[in-house]
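Novice: Let me begin by handing over the structure; questions about it come next.
Every number in this text was worked out from the coordinates using simple rules, so none of it is lab data. Computed from a prediction, not measured in an experiment: that's the story for all the values here. All Cβ positions, glycine included, derive from the backbone under ideal geometry; neighbour counts span all protein chains shown.
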Amino acid sequence: MATLDGTRLAGKVAVVTGAGIGQGRSTALRLAREGAHVVAVDVSGAQKDTAAELPDLIEPANADATNAEQWQAVVAQTTERHGRLDILCNVVGAAGIAQARIPDVDEDDYDRLMSINLKSVFLGMKYAIPAMVASGGGSIINWSSVGALVSSPTTSVYGASKAGILAMTRAAAREWGEANIRVNSLVPGFVYPTGMTLMGEEKFPESVARAASKSALNRPGHPDEIAAVAAFLASDDASYITGSSLVVDGGWTAG
Ligand SMILES: NC(=O)c1ccc[n+]([C@@H]2O[C@H](COP(=O)([O-])OP(=O)(O)OC[C@H]3O[C@@H](n4cnc5c(N)ncnc54)[C@H](O)[C@@H]3O)[C@@H](O)[C@H]2O)c1
C-alpha cells in the first residue's frame, strides 16, 4: 500500500494531463499522496513511470489532450472505473513553438501551439464538466503562465494562449459555480527541472540562471512547489476560491 502524506483528497478521483514529467508528474504524485485516485494522462509513454511510483493510486492513460475523441475516452474510462470525477488538472502545455517575432511566426506553428496550450484546456473542461456535474461538483485547475502577464519579443503566441486560459477559466467559473464546480488558473513562474525548461537549458545553457534571477527568491520554482498549490486548489481547503488565478512565481511579477 502506498504511503500517504495526508487524507485531504481521500475518495476523490482526478485526471491530470501532462503527467509524464515536470509539473504534471509532480501533481499526479502529490494528489495521490493526499489520497486521490489519479488518471495520469500523457502522449509520451512516461505516464507509465509516474503511475509505477504509486501503482495503487495512479493509473496511466495514453491520450492526446488536443483530441476530442481521446478526451471522451479518458473521461468515460475514469467514470466507468471509479464512478465519479472530482478533479481535473489541465497541465499540458508547450513552449518553443511559434516563438518568433509576429511576421516570422509560421501559421501552422501558431495553430499547433494554440491547440496544445488552449484547445487542450477547452476540451478537458468540455468533457470533464458533465462528469463533475454528475458527481455533485469538482475542482478544475488550468495551467497558465507568467507569460500571460509579462512578455518579451517572440512570446506573442505563447502569451496569448496562456492569457486565453485565464479568460476561459473565469468564464467557466461563472458558468459552473451553481453546480459546485470551482475553476481556477495556476500561473507558474520559471519551474525547473521540467521537460520544457530542460530543453530550454540544452539550447541556451544560461537560461536557467537568467530566468531564476527574475524571481525575488533568485531561484527557479520546483515542480513539487507548484503541485503543492494544485493540491490546495483541488481540496476543500480552497472551497471559496473560484474564477481566480493563483500566481506561483517566487515574486517575479511583483517586480
Ligand atoms: N516549466 C516552466 O517554467 C513553466 C512556466 C510557466 C508555465 N508553465 C506551464 O506549465 C505546464 C507544465 O509545464 P512543464 O514545464 O512542467 O511541462 P513538461 O514539458 O515538463 O511536460 C509536459 C508534458 O505534457 C505532455 N504533452 C505534451 N503535449 C501533449 C498532448 N497533446 N497530450 C498529452 N500530453 C501532452 C508531454 O509529453 C510532457 O510529458 C505547461 O502548461 C506550461 O506551459 C511552465
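Novice: Under a point spin-label approximation (7 Å from Cα along Cα-to-Cβ), what is the SER245-ALA68 distance to one decimal in nm?
Specialist: With each label placed 7 Å out from Cα toward Cβ, I get 2.7 nm.
Novice: Given a Förster distance of 22 angstrom, what is the FRET efficiency for LEU217 paired with SER151, based on the Cβ-Cβ distance and rounded to 0.05? The partial results should precede the final answer.
Specialist: Values: r = 22 Å, r/R0 = 0.99.
After rounding, the FRET efficiency stands at 0.50.
Novice: Once R0 is set to 22 Å, what does the formula 1/(1 + (r/R0)^6) return for the Cβ-Cβ distance between ARG84 and SER44, expressed as a FRET efficiency to the nearest 0.05?
Specialist: It comes to 0.20.
Novice: Kindly flag which residue pairs out of LYS48/LYS162; LYS126/LYS162; LYS119/LYS214 have an alpha-carbon separation exceeding 22 Å in this structure. Don't skip to the answer; put the middle values down first.
Specialist: Values: LYS48/LYS162 28 Å; LYS126/LYS162 18 Å; LYS119/LYS214 29 Å.
Pairs exceeding 22 Å: LYS48/LYS162; LYS119/LYS214.
Novice: Sum -39500 (n - 2.57) across every DSSP H segment of at least 4 residues in the chain, then divide by the residue count to get the 222 nm mean residue ellipticity, nearest 500.
Specialist: On the way: 9 runs with 106 residues, N = 255.
After summing the helix terms and dividing by residue count, I get -13000 deg cm²/dmol.
Novice: On to the next question. Between the DSSP loop rule and a limit of at most 14 other Cβ atoms within 10 Å, which trypsin sites (Lys or Arg not before Pro) in region 15-122 are left?
Specialist: On the way: sites: ARG25, ARG30, ARG33, LYS48, ARG81, ARG84, ARG101, ARG112, LYS119; in loops: ARG84, ARG101.
Those satisfying the criteria are ARG101.
Novice: Turning to a different aspect of this structure: Cβ under 14 Å from VAL105's Cβ, VAL105 left aside: what net charge do those residues give with Lys, Arg +1 and Asp, Glu -1?
Specialist: -4
Novice: Quick one: net charge of THR253's neighbours, Cβ under 14 Å, K/R +1, D/E -1? If you can, show how the numbers build up before the last one.
Specialist: On the way: positive: LYS162, LYS214; negative: ASP249.
Summing Lys and Arg as +1 and Asp and Glu as -1 gives +1.
Novice: Taking Rh as the Kirkwood radius computed over C-alpha pairs, what is the Stokes-Einstein D of region 158-255 at 20 °C in a medium of viscosity 1.002 mPa s, expressed in µm² per second? Don't skip to the end; give the middle numbers.
Specialist: Working: Rh = 14.8 Å.
In µm²/s, the coefficient is 145.
Novice: Tell me which GluC sites (Glu not before Pro) from region 176-207 have a DSSP coil assignment and no more than 13 other beta carbons within 10 Å of their own.
Specialist: Numbers: sites: GLU178, GLU201, GLU202, GLU206; in loops: GLU206.
Listed in order of number, the matching sites are GLU206.
Novice: May I pose another question? Find the eigenvalues of the gyration tensor of the Cα atoms of region 1-69, then list the square roots of 5 times those eigenvalues as equivalent ellipsoid semi-axes, largest first, in whole angstrom.
Specialist: Numbers: eigenvalues 81, 27, 17 Å².
Taking √(5λ) for each Cα gyration eigenvalue gives 20, 12, 9 Å.
Novice: What length, rounded to one decimal in nm, is gained on full extension from ARG174 through to ASP109, with 0.36 nm per residue of separation minus their alpha-carbon distance? Walk me through the intermediate numbers first.
Specialist: Details: separation 65, 0.36 × 65 = 23.40 nm, distance 3.17 nm.
Here the segment from ARG174 to ASP109 would lengthen by 20.2 nm.
Novice: What number, in nm² with one decimal, is the all-direction average of the projected area of the convex hull of the alpha-carbon atoms of the chain? Numbers along the way, then the final one.
Specialist: Working: hull surface 51.9 nm².
Its average projected convex-hull area is 13.0 nm².
Novice: Could you check the spin-label model distance between ILE102 and THR7? Points 7 Å from the Cα along Cα→Cβ, value in nm.
Specialist: 5.6
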